[in-house]
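Engineer: The structure that follows is given in the form of structure tokens.
The values are calculated or read from the model by the stated rules, or taken from the named source; none is laboratory data. Small disclaimer: the values here were computed from a predicted structure and weren't measured. Glycine gets a Cβ as well: all are built from the backbone with ideal geometry, and neighbour counts include every protein chain shown.
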Amino acid sequence: MSTDLSELVIGACARHGNRPAALLQVLLEVQAELRHIPPEAARRVAECLGQPLSRVLGVAGFYAFLSTTPRGHYHVLFSDNITDRMLGNMDLLARLCEKLWVERGRLSSDGLVSVDTTSCTGMCDQGPALLINGLAIPGVTPERLNLIAELILARLPLESWPRELFVIQDHIRRKDMLLNHDLAPGDALRASLARVCEPGSPVEAAANERSWREGIPTGALCATLGTLEEIKRANLRGRGGAGFTTGMKWEACRNAPGPDRYVVCNADEGEPGTFKDRVLLSVHADLVFEGMTVAGYVIGARQGFLYLRGEYRYLLEPLRAVLARRRAAGLLGRGILGQTGFDFEIDIHLGAGAYVCGEESALIESLEGKRGIPRNRPPYPVTHGYLQRPTVVNNVETFCAAALIARHGGDWYRRVGTDRSAGTKLLSVSGDCARPGIYEYPFGTTVRQVLADCGAENTQAVQISGPSGVCIAAGEFDRRIAFEDLPTAGAFTVFDQGRDMFEVARNYSHFFAHESCGFCTPCRVGTTLLRDTLDKIAAGHGTRHDLAEIDRLNRVLRMGSHCGLGHTACNPTLDTLKRFPQAYERRLKAMDFVPAFDLDGALAPARRMTGRDDAAAHLATEARE
Amino acid sequence: MTDTFLLDDQTVPFTPGQTVMQAALAAGHHIPHLCYHPEFHPHGSCKLCTVKVNGRNATGCTVPAQTGLKVENDIEELRTLRQALVQMLFAEGNHFCPSCEISGNCQLQALGYDLGVMSAGFRHFFPRRPVDASHPDILLDFNRCILCELCVRASREVDGKDVFAFSGRGIHKHLIVNAATGRLADTQATAGDKAMHVCPVGAILHKRVGFAVPIGERRYDKTPISAQALAFAPRPAVGEGGEA
């Protein structure tokens with residue numbers, strides 16, 4: 001084997017302490033260097049980390065951004081969210097393939113380039129977008145595409161490409177308490193450390209019990225419990241979509257037995273149509289890390305992880321720079337702000353193209369270097385998380401809000417929003433509107449208000465919280481963004497009257513089939529069956545029978561699936577079927593049943609080989625009418 | 001006084017730490033399953049054992065038994081679900097019972113009969129899955145693999161060999177073996193391994209013993225799988241880590 005490859009693998013493993021949990025990070029480094037994981041590299045990685053080769057290959061085969069077969073020196077992935085579709089990404093892809101003389105999904109014969117699609121890359125406000133060797137290029141116009149093709153054909157290294165190709169806009173359109181915050185780095189931590197107990201308060205009583213961690217002065221206990229009390233008083237709920245009460249989560253983790261505990265920030269923002277975490281990490285990284293550090297202080301953790309989705313690879317170095325600055329300022333590391341015993345460190349872990357890792361237990365598996373399969377629960381991460389230790393997993397936006405609450409207090413926070421949904425919510429607005437971007441609103445804001453603010457006209461439907469959320473029609477625009485009405489992780493995708501809602505659902509069905517982890521039978525098979533059924537309808541072979549089939553699949557997925565991906569996979573189809581039945585019905589054939597197998601279509605290769613396309617070379621079937 | 005829960009109006013005793021599945025089987029009640037095996041840690045992927053626990057869907061093999069639980073198992077709603085799941089497993093692989101050596105000893109086939117699956121139900125995928133006949137004693141027929149992970153768990157937990165693993169994702173998930181060549185012959189696998197004796201279908205076959213028992217006289221030819229609950233009941237652990 002080549003010494004280069006050996007050195008590469010040994011170096012990558014050594015940088016991660018040869019820990020088996022670093023398997024995914026090591027494979028990402030190998031992939032970045034060699035554009036794939038050759039068999040010899042996999043064998044060397046297995047050796048270095050003391051893992052069976054089958055495990056290494058299993059992980060390499062799970063993540064979309066890893067490949068065991070060669071990819072082009074330039075590997076281009078077009079984001080394939082519905083918003084990219086609406087902006088013509090398929091035409092651009094075809095055009096690029098033509099220019100580069102390569103077939104989609106294949107490696108060019110000279111090994112120079114490969115072109116394919118990938119799930120939503122979180123650039124919906126500036127699409128169509130693509131990734132080239134993992135780096136994001138937004139706003140791909142025909143002109144920019146020509147430039148990209150020329151740069152590839154000139155074999156210019158990516159580092160020498162014009163920087164302006166890679167510029168990502170923040171597009172912050174509306175600010176409220178979070179985006180308007182005035183916290184300097186360390187403010188929330190100083191406020192937490194200074195928090196004192198009110199005499200006779202429950203916090204003081206709890207602090208005096210000192211039951212959970214021996215040897216901590218009452219003062220420090222009082223400060224941690226006091227901060228926890230503010231988070232609880234704020235009634236902060238998780239911003240990742242599920243809306244679990246953050247204070248309860250932190251308290252359960254803090255009270256869980258065992259010496260080590262962990263704080264994990266879920267920045268695996270994979271829901272199609274969501275991109276607000278990207279902007280928070282670009283503009284307010286300090287606030288995110290500050291919130292994580294506050295969590296570490298409250299629960300008694302010494303280690304935190306930011307799980308950054310692979311699509312946001314370009315943020316890695318800037319985020320590391322922020323961490324370094326915070327370390328130098330005494331806001332990370334040992335004895336934070338001079339407080340003995342307050343030690344906290346944050347590492348960044350890269351994802352590799354797997355939507356399911358946004359599910360917290362799958363994310364933890366991935367952090368441990370494994371295939372991202374959701375765990376059986378209970379037990380929950382608060383008691384058995386990373387390495388089976390108590391772990392708090394929160395969304396990027398949740399940590400930002402927690403930092404604000406640590407600084408300003410719970411009462412300050414909950415004065416905004418509704419009774420059951422305190423504070424504000426960041427929305428990632430995209431689709432058919434004049435001003436796509438980030439909008440921060442107090443909870444309780446109507447959909448109609450958001451539509452007016454973003455300049456949406458003739459709106460037919462809005463997909464709230466992405467495909468796993470809900471699709472609403474014009475009659476429902478007075479509904480409100482709030483946990484008690486329209487809970488959302490942030491995606492707000494607008495479709496005007498010109499859009500075909502069937503194609504929206506079909507795009508989402510492809511997404512779920514592609515992203516199913518394959519662990520459980522109903523989701524593994526059911527998402528593929530749903531995708532194929534919608535493709536059949538799109539091809540003009542659909543019947544009433546297929547609509548009944550969708551209903552049946554939904555029941556199986558809902559009852560039997562292992563996690564939320566399977567539970568919600570049919571939602572976009574059912575929502576659009578209910579609200580826009582005409583989008584389906586106009587495609588259906590009158591008859592009750594048509595087989596999915598297209599007999600005449602199967603003869604196409606024979607026609608191609610014989611160079612015939614006359615009437616006699618076709619089967620006259622009803623399906624072709 | 002023993003702890004008990006209710007399984008379809010029958011009182012089932014359990015010892016603390018048992019799952020609903022373990023307790024039910026030990027009491028002679030069958031809950032359909034494929035990826036559960038009494039000697040291995042349950043993981044609940046096939047979803048055949050989905051039951052309603054106090055009204056909520058859960059996998060019987062992973063949910064801990066608790067006093068006073070009301071577990072529904074033999075009801076129409078779950079029968080419909082299980083039929084669909086069996087049909088899905090048939091659809092995603094290549095299962096040709098009449099020509100399969102394991103016919104009559106196959107749990108997937110037996111469950112199909114037992115649940116009254118009378119038709120294909122879904123469009124079949126007909127995937128291309130070449131067999132691996134490289135090993136002198138074992139034939140791997142991936143066409144029949146239902147991804148239950150039992151061989152993976154057995155090889156890891158009992159044999160200590162990690163011969164098997166999964167790669168791929170979603171519908172492309174597939175069984176792989178621990179060799180750079182991808183051939184079973186190049187792994188540490190031997191015919192005596194636990195992993196070679198846990199396949200519920202015909203994916204792992206032993207060579208030169210085919211049809212030793214004629215079809216028609218095999219395990220599930222004689223008695224339906226649902227009447228054989230005690231055969232799947234928890235038993236003492238074999239090897240380390242295999243707590244039942």
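Engineer: From (1) part of a loop (DSSP other than H, G, I, E, B); (2) touching a residue at least 60 places away in the same chain (Cβ under 8 Å); (3) more than 9 Å from chain B (Cβ to nearest Cβ), pick out the condition that doesn't hold for A:P572.
Structural biologist: (1)
Engineer: Right, something else. State whether one or more residues within the range A:598-620 are out of contact with any helix residue (DSSP H, G or I) (no Cβ under 7 Å at 6 or more places or on another chain), within 13 Å of chain B (Cβ to nearest Cβ) and touching a residue at least 40 places away in the same chain (Cβ under 8 Å).
Structural biologist: The answer is no, given that none of the residues of the range A:598-620 is out of contact with any helix residue (DSSP H, G or I) (no Cβ under 7 Å at 6 or more places or on another chain), within 13 Å of chain B (Cβ to nearest Cβ) and touching a residue at least 40 places away in the same chain (Cβ under 8 Å).
Engineer: Pairs only if they're at least six apart or on different chains, beta carbon under 7 angstrom, first in the range B:128-151 and surrounded by fewer than 17 Cβ atoms within 10 Å (Cβ to Cβ), second part of a helix (DSSP H, G or I); list them, first residue then second.
Structural biologist: Pairs found: B:V131/B:F142.
Engineer: I'd like to check something: does the range A:94-107 contain any residue that is among the basic types (K, R), outside any helix (DSSP H, G or I) and away from chain B (no Cβ under 14 Å)?
Structural biologist: Yes, there is a match, as at least one residue in the range A:94-107 is among the basic types (K, R), outside any helix (DSSP H, G or I) and away from chain B (no Cβ under 14 Å).
Engineer: Scan the range A:515-537 and tell me whether some residue there is small (G, A, S), within 18 Å of the chain's Cα centre (by Cα), crowded, with 24+ Cβ neighbours inside 10 Å and more than 8 Å from every other protein chain (Cβ to nearest Cβ).
Structural biologist: The answer is no; no qualifying residue exists.
Engineer: Quick test of your reading of the structure: A:S54 fulfils all but one of (1) of a type outside the set (D, E, K, R); (2) within 14 Å of chain B (Cβ to nearest Cβ); (3) more than 17 Å from A:H349 (Cα to Cα); (4) touching a residue at least 60 places away in the same chain (Cβ under 8 Å). Name the failing condition by number.
Structural biologist: (4)
Engineer: If you don't mind, another one. If you go through the range B:94-114 one residue at a time, do you hit one that is within 12 Å of chain A (Cβ to nearest Cβ), without any contact (Cβ under 8 Å) to a residue 40 or more places away in the chain and among the polar types (S, T, N, Q)?
Structural biologist: no
Engineer: Filter the strands (runs of 3 or more DSSP E) completely within the range B:1-104 down to those with at least 3 residues that are surrounded by 15 or more Cβ atoms within 10 Å (Cβ to Cβ).
Structural biologist: B:3-7, B:10-14, B:50-53, B:56-59
Engineer: In the range B:160-188, how many residues are under 15 Å from B:L139 (Cα atoms) and more than 8 Å from chain A (Cβ to nearest Cβ)?
Structural biologist: Total meeting the criteria: 8.
Engineer: For the condition away from chain B (no Cβ under 12 Å) and outside any loop (DSSP other than H, G, I, E, B), what is the one hit in A:R71, A:R85?
Structural biologist: Result of the check over A:R71, A:R85: A:R85.
Engineer: Give A:G542, A:G560, A:G490 a once-over and let me know the one that is buried (at least 21 other Cβ atoms within 10 Å of the Cβ), of a type outside the set (F, W, Y), free of Cβ contacts under 8 Å to residues at least 60 places away in the same chain and touching a strand residue (DSSP E or B) at 6+ places or on another chain (Cβ under 7 Å).
Structural biologist: The match here is A:G560.
Engineer: Moving to a separate point now. Take the range A:27-51 and flag every residue that is free of Cβ contacts under 8 Å to residues at least 24 places away in the same chain and closer than 17 Å to A:A352 by Cα.
Structural biologist: A:E29, A:V30
Engineer: Another question, then. Count, please, the residues in the range B:173-189 that happen to be part of a loop (DSSP other than H, G, I, E, B) and in contact with a Lys or Arg (Cβ under 9 Å, 6 or more places away or on another chain).
Structural biologist: 6
Engineer: Another question, if that's okay. Give all pairs with beta carbons closer than 7 Å in which a residue from the range A:357-378 that is under 24 Å from A:L53 (Cα atoms) meets a residue that is among the acidic types (D, E) and buried (at least 24 other Cβ atoms within 10 Å of the Cβ); count only pairs at least 6 apart in sequence or on separate chains.
Structural biologist: That search, which allows pairs on different chains as well, returns A:C357/A:D268; A:L363/A:D268; A:P374/A:E359.
Engineer: Does at least one position in the range A:491-499 carry a residue that is more than 22 Å from A:C454 (Cβ to Cβ) and either β-branched (V, I, T) or at pLDDT 95 or above (or both)?
Structural biologist: No, that holds for no residue.
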